[in-house]
Amino acid sequence: MSEQPDPAWLEELFEWLRIPSISADTAHEGDVRRAGEWLRDFLRRAGGEADLVDTSTFPLVVGEIRASNGPDGAPTVLLYGHFDVQPPAPLELWDSEPFEPEVRDGYVYGRGAIDDKGNAFLLLKAVELLAAEGALPVNVRIAFDGEEETGGHSIVEFLEADQRGADACMIFDSGMPREDVPAFDLGVRGLIYYHLRLRTGERDLHSGVFGGAALNAAHALMTTLAAVVPTPDELGLGVIPPNEEERRSWEALDPGAAVLAEAGAMPADSAAADEFYMRTFAGPAVDVNGIAVGEPNLQKTVLPVAAEANVSIRLAPGQNVEEIDGTFQRLLRTAVSAGAELEIERWASSPAGLIPANSPAVRLAQDAFERVLGRRPLLLRSGGTLPIIPTLADKGIPTILSGFALPGANMHSPNERLLARYIPLGVAAARETLVAFGDLG
């Protein structure tokens, strides 16, 4: 297998990357649609059926490429990805134009080169090649969205209403912990996001006259937050612990101390480095994301009476949003200082999801990746939140969440890049997995 991508494949990918499909910028609403139209046309050229489906935000691309020997009796594989991208700013930190992709030093540079157009292209090209050769053993359903970077709820709503199901799903929107070490993310954490408002009186007060006697909103907020930070045991309800294969996979990763140091971070406590993967992959975590109270810059000797904070909980697989929400709010309200008024708003939530590691689809995919890459994929979980995973898990669709991003891929940052030799390798891995999925059903 050539280590360099076919120039025709590169130019095809570059066409897609040149479309500035920034879902967070209303000025690019038309570009998001154009990126969806590009995907629709690609699927039609590959012999499939595809259309744009409008939603309340950005369109979905929904399509199908049938098995080469006919759809009857063939397993069905769902492919998901997204064609929207992050804003490119700050532009001055790019070494090349973000929407003029180029190959440099063995990497493809450009916004979307890995997240997710470049990653998803590997899946799409594998399907196209198998269909052209009359060797596609599965029915392939495609459901891509154009708003993953700004919510990702339209695809969830579509799949929740869709009754057709699938025998497996493949998503290339992730990566490797290090070069040439493939991995599958079988779990994602959920998220609940809160905004807190606390008041302790009618107006700010002179600290010389009232200090030590009047309730201070800054102090009251700190006391309240101390009930949930660090994460108390009461918020660990329902966690599904990692199995032995997952724990063995963690041993192949960089030590937690090295990961923290590389990120320029300090351990939260004396056990944090040793427990890094348990805490970030398989456990819940409460974080204060921002606080507004008083005057932090000027010398102003007052007792503030109003304080606000944004607080989030990452839910571990197995945890229930409503149960954890009830426990969290109870802990806060019990801890609030007498005389203080606390308002809690829940701004957003998404459940956690977990794919069974022993499902036939996962084992077939591991075997396929190992044949192509020479190394069996590690079974990991993601500390982040991907709303589609719990939806697929609830439908009983085993999902392969993988990809070819490296730690230095600069996703969401300037100089986003995909290692060019991973293009033929990723297509080959996707192709081998689709062939292997012919044994499902």
For region 53-68, give me the residue count where each residue is in a loop (DSSP other than H, G, I, E, B) and either farther than 19 Å from ALA161 by Cα or free of Cβ contacts under 8 Å to residues at least 24 places away in the same chain (or both). 4
Of the residues in region 387-441, how many are small (Gly, Ala, Ser), open to solvent by 10 Å² or more (accessible area, probe 1.4 Å) and under 25 Å from SER96 (Cα atoms)? 2
Selection from region 331-364 of residues that are assigned to a loop (DSSP other than H, G, I, E, B), within 23 Å of the chain's Cα centre (by Cα) and of a type in the set (A, V, I, L, M): ALA352, ILE355, ALA357
Scanning region 301-330 residue by residue, the ones that are touching a Ser or Thr at 6+ places or on another chain (Cβ under 9 Å) and not in a helix (DSSP H, G or I) total 11
Residue pairs meeting the criteria (Cβ under 6 Å; at least 6 apart or on separate chains; first farther than 16 Å from ARG189 by Cα, in region 234-249; second of a type in the set (S, T, N, Q) and surrounded by 15 or more Cβ atoms within 10 Å (Cβ to Cβ)): GLU234/THR327
In the set ALA126, ALA143, which member is of a type outside the set (Phe, Trp, Tyr) and buried (at least 24 other Cβ atoms within 10 Å of the Cβ)? ALA126
Within region 107-153, tally of residues that are within 20 Å of PHE404 (Cα to Cα) and assigned to a helix (DSSP H, G or I): 15
How many residues does region 19-30 contain that are crowded, with 19+ Cβ neighbours inside 10 Å and either over 17 Å from GLY81 (Cβ atoms) or over 25 Å from the mean Cα position of the chain (by Cα) (or both)? 2
Could you please find all residues in region 95-123 being more than 22 Å from the chain's Cα centre (by Cα) and within 12 Å of ALA409 (Cβ to Cβ)? TYR107
List every residue pair whose Cβ atoms lie under 7 Å apart, where the two residues are 6 or more positions apart in sequence or sit on different chains, the first residue falls within region 69-87 and is open to solvent by 10 Å² or more (accessible area, probe 1.4 Å), and the second residue, located anywhere, is of a type in the set (Val, Ile, Thr) and part of a strand (DSSP E or B). PRO87/ILE22
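The values are calculated or read from the model by the stated rules, or taken from the named source; none is laboratory data. Note that the structure is predicted; figures quoted are calculated from it, not measured. For neighbour counting, all protein chains shown are included, and Cβ atoms are generated from backbone atoms with ideal geometry for every residue, glycine included. Ligands, DNA and RNA are excluded from the accessible area calculation, which covers all protein heavy atoms including side chains. Shrake-Rupley method; radii C 1.70, N 1.55, O 1.52, S 1.80 Å.
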